[in-house]
Amino acid sequence: MKLYSYFRSSAAYRVRIALNLKGIEAEQEAIHLLQSEPLPAYRAAHNPQGLIPALESDEDGLIPQSLAIIEYLEERFPEPALLPAGLAERAYVRAAALLIACDIHPLANLRVLKYLKRELGQEQAAIDTWYRHWVEDGLGRLEAFVTNGGRSGRFILGDTPMMADCLLVPQLFNARRLECDLSSMPTLVAIDARCQEIEAFRKAHPSVQPDAE
Ligand SMILES: N[C@@H](CCC(=O)N[C@@H](CS)C(=O)NCC(=O)O)C(=O)O
């Protein structure tokens with residue numbers, strides 16, 4: 001299988017973690033998101049959505065969207081599980097993952113930040129304020145969801161890393177890069193630290209990817 005990735009793409013980082021947790025080897029092809037050339041060619045040849053990541057499955061063709069890829073991996077390679085057995089627990093893990101993927105990430109995505117700068121003429125300081133506001137707001141909601149849910153342990157659900165942890169770690173990586181204030185999210189910060197103890201998470205880190213700069 002081949003993963004179209006970019007070292008700093010947090011959506012690709014999610015999939016790298018999931019692949020590593022499941023012990024699946026995938027070739028990586030880097031698509032540089034900040035250079036003008038590779039993205040249009042990738043869009044034309046592989047993924048009309050033009051977003052990173054996408055997985056070229058050996059059996060099922062191109063699969064875009066990080067959560068669709070992780071669910072695909074989960075269904076095709078059920079062990080080790082990234083979704084729990086119980087219905088309520090599965091919904092809880094998916095809700096935490098979707099909170100990140102749908103409610104936080106799109107507001108702070110590269111093309112949104114570029115639009116604020118180029119089309120709306122915003123200064124970098126205003127764009128950074130936008131970024132921190134929405135990321136801190138979303139992570140605050142996730143902290144409340146996780147602490148009130150009473151289901152977390154060492155990880156978002158219990159003591160095994162699941163799909164939602166695959167999304168949490170990249171989102172916190174991004175939040176720190178942009179100097180968000182994480183002081184009101186001690187539970188998420190502690191879960192992130194536990195994930196960093198696991199090889200599958202460390203191997204997926206942007207700094208150790210072949211295209212890292
Ligand atoms: N919902 C998508 C988001 C994918 C996405 O936005 N990827 C970013 C990198 S993290 C990207 O390709 N950005 C290019 C752009 O914004 O033009 C997913 O989960 O895969």
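The values are calculated or read from the model by the stated rules, or taken from the named source; none is laboratory data. Treat the numbers as computed from the prediction; the structure is a model and nothing was measured. Here the Cβ is made from the backbone with ideal geometry for all residues, glycine too, and neighbour counts use every protein chain on show.
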So ASN47, is it assigned to a loop (DSSP other than H, G, I, E, B), surrounded by 14 or more Cβ atoms within 10 Å (Cβ to Cβ), among the polar types (S, T, N, Q) and not assigned by TED's automatic domain parsing to the domain that holds GLN171: yes
Criterion: over 17 Å from the mean Cα position of the chain (by Cα), more than 27 Å from LYS2 (Cα to Cα), part of a helix (DSSP H, G or I) and at pLDDT 95 or above - qualifying residue of LEU142, LEU107, LEU188, LEU113: LEU113
Any hit, the range 54-66, residues being of a type in the set (Ser, Thr, Tyr), within 16 Å of the ligand (Cβ to nearest atom) and not in a strand (DSSP E or B): yes
Among residues of the range 33-53, those that are within 11 Å of the ligand (Cβ to nearest atom), under 17 Å from MET1 (Cβ atoms) and of a type outside the set (A, V, I, L, M), counted: 3
Cross-chain or 6+ apart pairs with Cβ under 7 Å, the range 174-198 first and more than 24 Å from LYS22 (Cα to Cα), then assigned to a loop (DSSP other than H, G, I, E, B): ALA175/LEU182
Test result for GLU89, farther than 30 Å from ARG132 by Cβ, touching a residue at least 40 places away in the same chain (Cβ under 8 Å) and more than 10 Å from the ligand (Cβ to nearest atom): yes
Test set (1) surrounded by fewer than 20 Cβ atoms within 10 Å (Cβ to Cβ); (2) of a type outside the set (Val, Ile, Thr); (3) over 14 Å from ALA96 (Cα atoms) - ARG151 fails condition number: (3)
